[in-house]
Every structure is written in structure tokens, then in C-alpha cells.
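S.K.: My questions will all concern the structure given below.
The values are calculated or read from the model by the stated rules, or taken from the named source; none is laboratory data. Note that the structure is a prediction, hence the values are computed from the model and not measured. Cβ: placed from backbone, ideal geometry, glycine included. Neighbour counts: every protein chain shown. Areas reflect the complete protein model, heavy atoms only, side chains present, ligands, DNA and RNA absent. Shrake-Rupley method; radii C 1.70, N 1.55, O 1.52, S 1.80 Å.
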Amino acid sequence: MDSSDETPKVRILGSGREVGRAAIGVEHRGRLVLLDYGVNFDENEQPIYPLHVRPKDVEALVLTHSHLDHVGAAPALFISVKPRLLATPLTLDVTRLLLYDMIKLNGPNLIFDNSTVDDMLGVAESVDYERSVELGDFTLTLMSSGHIPGSASVLVDVNGRKVLYTSDMNTIETKLMNPHKLTGVKADAVIIESTYSTVTHPERSNTEKEFYESVEDVVKRGGTVLVPAFSVARGQEIMCLLEEKGFGWPVWIDGMIRSVTDLYLAHSSFIKDPRLLAKALEDQNVVKGWGDRKKALKKPGVIISSAGMLKGGPSLYYYTRMVQNEKDAVFLVSYQAPGTPGRQALEEGVFFDGERKLPVKARLQIFDFSSHTDWRGVLQTLKSLAGVRKVILVHGEPQGQVKLASKIKDELGDVEVLVPQNGDEIPVD
């Protein structure tokens with residue numbers, strides 16, 4: 001057998017020189033372990049899938065966490081055959097919720113339906129952190145990535161080589177999560193996210209203080225604060241923050257945030273302080289219908305609602321009714337993608353009511369509650385690992401990745417740093 005057949009290789013199937021659409025393959029002897037298989041959407045809401053792989057070549061698919069840019073294309077692999085599927089139990093439960101919702105919103109544009117999702121999750125295997133799983137030539141170990149509840153980094157051991165895929169990760173403590181658990185891990189090659197390759201996040205305690213004081217300022221003046229938030233983790237983060245601070249005004253929870261919160265509490269071992277989240281859910285008001293939505297707008301308080309970019313969901317309903325009221329506020333706590341109403345409000349100071357652009361009169365602010373590490377965290381993580389000879393930057397914007405690669409070489413010395421594009425194959429020799 002050719003010796004090259006014995007050298008494992010990393011295949012970049014998605015997230016190469018782009019944010020999202022995560023899909024990484026580790027290949028050995030024609031068999032493939034897939035690490036995520038996510039989807040992005042274009043400006044017309046058409047799905048952009050990762051590069052194709054033959055499902056029959058897939059030894060297993062590992063879903064590292066329940067965001068659509070990591071799990072959204074996964075059912076496409078389960079239409080004809082059923083590879084093994086591994087994830088933490090919380091990731092599996094939230095993934096079902098998200099995929100059902102994606103199909104409801106984008107069904108005609110997708111190549112799978114709810115029954116495909118059921119087939120996929122029907123063969124899923126729940127994996128706990130730090131427990132190794134053997135799959136043919138591969139041994140996999142999941143470790144907490146610190147990103148969102150249930151999220152994992154994956155160590156792949158194959159033919160004497162160790163490949164670490166950080167997936168999305170965080171190096172700081174948040175209301176929901178402790179930092180990742182990667183310190184001391186030995187790896188020959190590291191595939192690491194670089195979402196914020198040139199960004200320095202503010203200290204989280206400062207962001208929390210500024211956010212809370214801003215909320216109090218609005219409600220004391222008789223206004224209502226809309227907090228559009230991602231259903232997965234960001235909404236619960238804001239719930240916990242307000243609860244911890246003893247916020248004395250009504251807080252309303254709307255959209256899928258409630259369903260995800262229930263799943264988080266059902267898998268409470270994945271939450272840093274489940275009692276805080278449970279108390280927040282007990283003390284805050286869950287919107288049960290249109291009557292509650294109207295009630296939430298009548299008195300000073302806070303409304304935490306999906307969707308986080310104001311593209312749809314109940315947050316858009318509240319937004320259209322509050323955005324021209326100078327007493328009210330819209331506090332953005334999630335990433336705002338280009339072309340979304342949230343981004344348009346930030347950049348142009350306007351919102352589009354379907355017929356015309358109107359000025360945003362409500363107080364508008366954005367707060368950095370990112371669950372991704374910044375460039376400093378990437379360097380800190382790489383320095384904390386052992387034996388690294390090759391660093392592969394994924395899930396980032398190309399110009400920033402080049403700058404970060406240069407920093408890594410300066411700080412780590414004798415390592416190879418790559419910024420691959422989709423389709424590249426990298427030997428782990």
C-alpha cells in the first residue's frame with residue numbers, strides 16, 4: 001500500500017475562508033469522520049451547502065453544537081444511508097428544534113424534510129465529555145468548548161496522529177458557561193475557529209454593567225426595552241443577567257427562547273448555574289399569545305425575543321411598534337449580518353416598514369455578548385496545547401485570518417499556519 005494512504009488528511013468542506021457553513025473531514029484509508037455539516041443562506045434565503053461527500057464514505061458525523069451553521073446540512077447525509085451520528089445529548093435535542101424550524105421557514109428550498117431529521121436523530125448516539133469513542137480506525141473524544149451549553153471540541157486520534165477541532169469556542173466565563181476545557185490537550189494539528197481574528201472583545205463584566213445600567217435608564221424614564229436575541233444561548237444569557245442583578249420591572253420572554261430554555265434545564269449539567277436560569281424562568285413572564293404581546297408593550301420593562309437580527313419572529317412585531325417611540329429602546333446583543341433589519345438600523349439609522357424607510361427614533365445600541373473568543377483567546381488556546389505542529393484557521397474572514405496567522409507564527413515560533421479554502425486537503429504527517 002502507498003505510504004500516502006496511511007497519512008491522515010484534513011479536508012475543508014466548509015468554513016474555509018468564510019464564517020459559518022462549518023464542515024471538516026478527517027480522512028484515513030478512504031473513510032471519513034465528518035466534524036459538523038452546516039449551512040449558510042444567501043440574500044434570497046437559499047441554502048448554501050458544504051462541499052459534497054458520499055454518505056457511504058462517512059464513518060461518523062459529529063455535531064459539535066446546535067447552531068445551523070454547524071448542523072443545518074446534516075440531514076442531507078441521511079437520505080439514502082445512515083452513518084453514525086455523535087453529539088452531546090443537549091446538542092441533539094436542540095438540533096431537532098432548530099432543524100424543524102428551519103424546514104418550516106425554508107422547506108421548499110431544502111432537499112430534506114422533517115422525516116429525514118427524524119431518521120437522522122433516530123440513529124444518533126449521545127456522547128458525554130471526556131469519554132472516548134472508537135469508530136474503525138478513529139478514536140474520538142469530545143470536550144467542552146465553552147461556546148454554548150452542550151457545545152464540544154473534538155479530538156480525533158487516527159494512525160498515531162491527533163487532530164483537534166476546536167469548533168466554536170470561548171475562553172471566558174459567561175452567565176451560562178465556563179471557559180473551554182482544552183488546556184493541556186496534546187495535538188499534532190489544530191483546526192481552530194477565527195471568527196474574530198482582528199477583534200478585541202471588551203471585558204464581559206464591563207459589557208454586562210453597561211447593558212444593565214442602560215436598561216435601567218430606559219425603564220426609569222417610562223420606556224420599554226426590546227432585546228432581540230438568538231434563541232440558542234443568547235436569550236438565556238440575558239435572562240440570567242437580569243435575574244442575577246435583581247431587575248425589578250417586568251421581563252417578557254417570547255419566541256423559541258422558551259423552548260430552548262426548557263431543554264437547557266432538562267440537561268442542567270451543561271449549564272454553569274442552572275438554578276439561576278430556573279429562577280429567571282420562574283420570575284419572568286413567558287408570552288403565551290397575542291394578548292400577552294400587547295400587554296408587554298403597555299408598561300415599562302424588557303422584552304427578550306427571537307429573532308436576534310430582527311429578520312422575523314416576534315421581535316419584528318415588537319420592533320415595528322417601538323422603533324419610532326423615543327421613550328423606548330432596542331438593545332442588540334447578537335451579531336447583525338449584512339442586509340438584516342438590525343444591521344440596517346445600525347448603519348443607516350432607518351427601518352423599512354414594507355413601503356418606505358423611516359427613521360429609528362428609539363434608543364438603539366449594540367452590546368458585545370459574543371460567545372466566540374477573540375484573537376487573544378485563539379493565541380491563548382494555542383499556547384495552552386501541547387505538541388502542536390500545524391495550525392489550520394477556519395470559520396473566519398480571509399483578510400483577518402492572514403493577520404492572525406502572522407501573529408500566531410510570531411508567538412508560537414516553529415509551527416505551520418494555514419488559511420485553507422474550501423476544497424483544500426491537508427496531510428497530517
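S.K.: State the number of residues belonging to the range 33-48 that are surrounded by 23 or more Cβ atoms within 10 Å (Cβ to Cβ) and among the hydrophobic types (A, V, I, L, M, F, W, C).
M.R.: Here the count works out to 4.
S.K.: Tell me whether the range 197-212 contains one or more residues that are in contact with a Gly (Cβ under 8 Å, 6 or more places away or on another chain) and either part of a strand (DSSP E or B) or not hydrophobic (A, V, I, L, M, F, W, C) (or both).
M.R.: Yes - at least one qualifying residue is present in the range 197-212.
S.K.: If you don't mind, another one. Within the range 239-249, is there a residue that is in a loop (DSSP other than H, G, I, E, B), in contact with a strand residue (DSSP E or B) (Cβ under 6 Å, 6 or more places away or on another chain) and open to solvent by 10 Å² or more (accessible area, probe 1.4 Å)?
M.R.: yes
S.K.: Answer yes if at least one residue in the range 209-216 is at pLDDT 95 or above and within 19 Å of residue 93 (Cβ to Cβ), and no otherwise.
M.R.: The answer is no, given that none of the residues of the range 209-216 is at pLDDT 95 or above and within 19 Å of residue 93 (Cβ to Cβ).
Rundown of residues vs (1) without any contact (Cβ under 8 Å) to a residue 24 or more places away in the chain; (2) open to solvent by 30 Å² or more (accessible area, probe 1.4 Å); (3) on the phi < 0 side of the Ramachandran plot, yes/no style:
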position	(1), (2), (3)
269	yes, yes, yes
286	no, no, yes
290	yes, yes, yes
296	no, no, yes
307	no, yes, yes
323	no, no, yes
326	no, yes, yes
329	no, no, yes
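S.K.: It is to be established whether one or more residues within the range 49-66 are surrounded by 19 or more Cβ atoms within 10 Å (Cβ to Cβ), out of contact with any strand residue (DSSP E or B) (no Cβ under 6 Å at 6 or more places or on another chain) and within 23 Å of residue 260 (Cβ to Cβ).
M.R.: For the range 49-66, residues surrounded by 19 or more Cβ atoms within 10 Å (Cβ to Cβ), out of contact with any strand residue (DSSP E or B) (no Cβ under 6 Å at 6 or more places or on another chain) and within 23 Å of residue 260 (Cβ to Cβ): present.
S.K.: Oh, and also: Which numbered condition in (1) open to solvent by less than 20 Å² (accessible area, probe 1.4 Å); (2) touching a strand residue (DSSP E or B) at 6+ places or on another chain (Cβ under 7 Å) is the only one that residue 346 fails?
M.R.: Evaluating residue 346 over (1) open to solvent by less than 20 Å² (accessible area, probe 1.4 Å); (2) touching a strand residue (DSSP E or B) at 6+ places or on another chain (Cβ under 7 Å) leaves (1) as the failure.
S.K.: Right, another one. Under 14 Å from the mean Cα position of the chain (by Cα) and surrounded by 22 or more Cβ atoms within 10 Å (Cβ to Cβ): does that describe residue 88?
M.R.: Criteria not met by residue 88.
S.K.: Which of the residues that make up the range 403-429 are out of contact with any strand residue (DSSP E or B) (no Cβ under 6 Å at 6 or more places or on another chain), closer than 28 Å to residue 53 by Cβ, open to solvent by 60 Å² or more (accessible area, probe 1.4 Å) and modelled with pLDDT of 95 or more? Quick ask: steps written out before the conclusion?
M.R.: First pass over the range 403-429, keeping only residues out of contact with any strand residue (DSSP E or B) (no Cβ under 6 Å at 6 or more places or on another chain): 403, 406-407, 410-414, 421, 423, 429.
Then drop every residue that is not closer than 28 Å to residue 53 by Cβ, which leaves 421, 423, 429.
Retained after the next criterion (residues that are open to solvent by 60 Å² or more (accessible area, probe 1.4 Å)): 421, 429.
Of everything in the range 403-429, just one residue is out of contact with any strand residue (DSSP E or B) (no Cβ under 6 Å at 6 or more places or on another chain), closer than 28 Å to residue 53 by Cβ, open to solvent by 60 Å² or more (accessible area, probe 1.4 Å) and modelled with pLDDT of 95 or more, namely 421.
S.K.: Let me ask something else about it. Quick check on my filter: what residues within the range 136-167 are in a loop (DSSP other than H, G, I, E, B), over 20 Å from the mean Cα position of the chain (by Cα) and touching a residue at least 12 places away in the same chain (Cβ under 8 Å)?
M.R.: Within the range 136-167, 136, 137, 159 meet the criteria.
S.K.: (1) open to solvent by 20 Å² or more (accessible area, probe 1.4 Å); (2) closer than 25 Å to residue 177 by Cβ; (3) of a type outside the set (A, V, I, L, M): which one isn't true of residue 72, the others all being true?
M.R.: So the condition that residue 72 fails would be (1).
S.K.: For a quick check of your reading of the model, give me the residue pairs whose first member lies in the range 375-389 and is without any contact (Cβ under 8 Å) to a residue 60 or more places away in the chain, whose second is open to solvent by less than 30 Å² (accessible area, probe 1.4 Å) and not acidic (Asp, Glu), with beta-carbon atoms closer than 9 Å and at least 6 apart or on different chains.
M.R.: 379/404; 379/408
S.K.: Next question, about the same structure. Could you list, in sequence order, all residues of the range 125-135 that are part of a loop (DSSP other than H, G, I, E, B) and not hydrophobic (A, V, I, L, M, F, W, C)? Walk me through how you get there before you give the answer.
M.R.: Keep residues of the range 125-135 that are part of a loop (DSSP other than H, G, I, E, B), which gives 127-132.
Of everything in the range 125-135, those that are part of a loop (DSSP other than H, G, I, E, B) and not hydrophobic (A, V, I, L, M, F, W, C) turn out to be 128, 129, 130, 131, 132.
S.K.: Any chance the range 152-160 includes a residue that's at pLDDT 95 or above, over 21 Å from residue 378 (Cβ atoms) and open to solvent by 10 Å² or more (accessible area, probe 1.4 Å)?
M.R.: Within the range 152-160, one or more residues are at pLDDT 95 or above, over 21 Å from residue 378 (Cβ atoms) and open to solvent by 10 Å² or more (accessible area, probe 1.4 Å).
S.K.: Of the residues that sit in the range 339-390 and are touching a Leu at 6+ places or on another chain (Cβ under 8 Å) and among the hydroxyl-bearing types (Ser, Thr, Tyr), which one is modelled with the lowest pLDDT?
M.R.: So the residue we want is 340.
S.K.: Then there's this: Of the residues that make up the range 165-184, is at least one open to solvent by 20 Å² or more (accessible area, probe 1.4 Å), among the aromatic types (Phe, Trp, Tyr) and either modelled with pLDDT of 95 or more or out of contact with any Phe, Trp or Tyr (no Cβ under 8 Å at 6 or more places or on another chain) (or both)?
M.R.: Checked the range 165-184: no residue is open to solvent by 20 Å² or more (accessible area, probe 1.4 Å), among the aromatic types (Phe, Trp, Tyr) and either modelled with pLDDT of 95 or more or out of contact with any Phe, Trp or Tyr (no Cβ under 8 Å at 6 or more places or on another chain) (or both).
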